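A.B. asks: One structure follows; several queries about it will come next.
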Amino acid sequence: MRRVVITLVLGLVVGGVAACESDGVPAPAPAAPSATTPSVPHTATVSVCADAVTVSEAGATIFSGTYDHLRLLALSDTDEATTDAKSAELERELQVALTRWSQQLAALAEKDVDPQVKAALVNGARTVQRLNDPAEPTALGDARTTLERLAGTIEAACPAK
């Protein structure tokens, strides 16, 4: 059982206006949008946001479910060899799922999206990748909280629906 807990820890890693007014000079009017530089629409932003949130919610659900399953397995009365085999299998499945999640976010970031959405997707992909790296030890509770909040972080970068 102790080996399972250790394996879990190792496996988861995871003032200018005020000056104008004080002189009695009115503040300058904001610049009007330039007619020569139209806003470039990022056509994929809305659909990419929806996909990224869905992928991240699913990834967080998989992580949390696997984490809970591993905890129950560690507390069960199953013999050590069976516990070790099942935990190793679950850890491999989780690593594959986290790798796929990171890759999906990175692929979505390559599409024609708003810059703030792209930054959130790239950051999200890096976060998932870092938490999936056994060389980057992270407390499991911290990893769980970070991954469960990732969909909301991405959604916050997306335009209002």
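The values are calculated or read from the model by the stated rules, or taken from the named source; none is laboratory data. Just so it is clear, the structure is predicted and the values come from calculations on it, not from any experiment. Here the Cβ positions follow ideal geometry from the backbone for every residue, glycine too, while neighbour counts run over all protein chains shown.
A.B. asks: Within the range 107-126, track down each residue that is crowded, with 20+ Cβ neighbours inside 10 Å and within 10 Å of the chain's Cα centre (by Cα).
C.D. replies: As a first pass, look at the range 107-126 and keep what is crowded, with 20+ Cβ neighbours inside 10 Å: 108, 113, 117, 120-121, 124-125.
Ala120, Leu121, Gly124, Ala125 - these are the residues of the range 107-126 that are crowded, with 20+ Cβ neighbours inside 10 Å and within 10 Å of the chain's Cα centre (by Cα).
A.B. asks: With respect to Glu89, is the statement that it is surrounded by fewer than 19 Cβ atoms within 10 Å (Cβ to Cβ), out of contact with any helix residue (DSSP H, G or I) (no Cβ under 9 Å at 6 or more places or on another chain) and more than 20 Å from Ala44 (Cβ to Cβ) true?
C.D. replies: Values: surrounded by fewer than 19 Cβ atoms within 10 Å (Cβ to Cβ): yes; out of contact with any helix residue (DSSP H, G or I) (no Cβ under 9 Å at 6 or more places or on another chain): yes; more than 20 Å from Ala44 (Cβ to Cβ): yes.
In short, yes.
A.B. asks: Let me ask another. Of (1) at pLDDT 95 or above; (2) crowded, with 17+ Cβ neighbours inside 10 Å; (3) over 14 Å from the mean Cα position of the chain (by Cα), Leu73 satisfies all except one. Which?
C.D. replies: The failed condition is (1).
For (1) at pLDDT 95 or above; (2) under 30 Å from His42 (Cβ atoms); (3) surrounded by 16 or more Cβ atoms within 10 Å (Cβ to Cβ), each residue gets a yes or a no:
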{"site": "Asp79", "(1), (2), (3)": "no, no, no"}
{"site": "Glu93", "(1), (2), (3)": "yes, no, no"}
{"site": "Val96", "(1), (2), (3)": "yes, no, no"}
{"site": "Leu105", "(1), (2), (3)": "yes, yes, yes"}
{"site": "Pro134", "(1), (2), (3)": "no, no, no"}
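A.B. asks: Further, regarding this structure: Under 8 Å between Cβ atoms, which residue pairs at least 6 apart in sequence (or on different chains) link something in the range 82-93 that is under 13 Å from Ile62 (Cα atoms) with a partner that is small (Gly, Ala, Ser) and surrounded by 16 or more Cβ atoms within 10 Å (Cβ to Cβ)?
C.D. replies: Glu91/Gly11
A.B. asks: Scan the range 144-158 and tell me whether some residue there is over 26 Å from Ser47 (Cβ atoms) and basic (Lys, Arg).
C.D. replies: Yes, there is a match, as at least one residue in the range 144-158 is over 26 Å from Ser47 (Cβ atoms) and basic (Lys, Arg).
A.B. asks: Taking the conditions exactly as written (of a type outside the set (D, E, K, R), exposed (fewer than 13 other Cβ atoms within 10 Å of the Cβ) and at pLDDT 95 or above), does Thr54 satisfy them or not?
C.D. replies: Values: of a type outside the set (D, E, K, R): yes; exposed (fewer than 13 other Cβ atoms within 10 Å of the Cβ): yes; at pLDDT 95 or above: yes.
So Thr54 passes the test.
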